[in-house]
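For reference, the structure discussed in these notes is given below.
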């Protein structure tokens, strides 16, 4: 009987892993309700499986249900306190809610680990966003620089650092970062629009118009509106 019970438990765990893995795929392709359904199924089979709570938390964030996401991520962390994805995702939810100090605490958990975790690059990038929102620009710049060292092909870090340089009035450096971001992701509509705005501030109308045109062609209403306003 004990062996039979163990076998049923293991089959249940394998099924919960399958549901959780499929739910992660649904998250990646934007089918968040399906992801939540699969996470629910995984949790019903194995209530102590942290990945399922993380997947459901991610889906809740995508749907704007931040408090529910944080609840799930709290459970995931209670089940597996050294799980970096849970801290990354919860920290992101804290940023959206404006709880920047709590976000920084979550990212610190990852950054301060030794040996360094591969997620440290994302943690530096996200902590930089929190510092930026707190107007601690020097610390934000330090974190963006660290993130780029660890993840040099992450276009999002260059975009965020470009926003920071824009805020600091360092427009040439902002242009350089947006240009690098576009080399990594050439169809990034918002990046063309943002770079166009910098060119406009610099008085480089032809370059601004070119970027607004590209953004408009890629489907940006902002880009099209900016073209019409010139």
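The values are calculated or read from the model by the stated rules, or taken from the named source; none is laboratory data. No experiment lies behind these values; they were computed from the predicted model shown. In this analysis, Cβ positions are derived from the backbone assuming ideal geometry, glycine residues included, and neighbour counts consider all displayed protein chains.
Here are a few things to note about the model shown:
- Flag for residue 83 being touching a residue at least 24 places away in the same chain (Cβ under 8 Å), over 25 Å from residue 163 (Cβ atoms) and surrounded by 18 or more Cβ atoms within 10 Å (Cβ to Cβ): yes
- The set of residues from the stretch 121-139 being surrounded by fewer than 21 Cβ atoms within 10 Å (Cβ to Cβ) and in a helix (DSSP H, G or I) comprises 133, 137, 138, 139.
- Which numbered condition residue 96 fails, given (1) over 20 Å from residue 130 (Cα atoms); (2) surrounded by fewer than 16 Cβ atoms within 10 Å (Cβ to Cβ): (1)
- Test result for residue 101, outside any loop (DSSP other than H, G, I, E, B) and surrounded by 18 or more Cβ atoms within 10 Å (Cβ to Cβ): no
- Of all residues in the stretch 31-53, those satisfying the criterion of being part of a loop (DSSP other than H, G, I, E, B) and under 13 Å from residue 14 (Cβ atoms) are 46, 49.
- Pair list, Cβ < 9 Å and 6+ apart or interchain, from the stretch 198-215 residues that are more than 23 Å from residue 169 (Cβ to Cβ) to residues that are assigned to a loop (DSSP other than H, G, I, E, B) and at pLDDT below 95: 214/220
- The single condition from (1) under 21 Å from residue 147 (Cα atoms); (2) over 19 Å from the mean Cα position of the chain (by Cα); (3) not in a loop (DSSP other than H, G, I, E, B) that residue 93 fails is (2).
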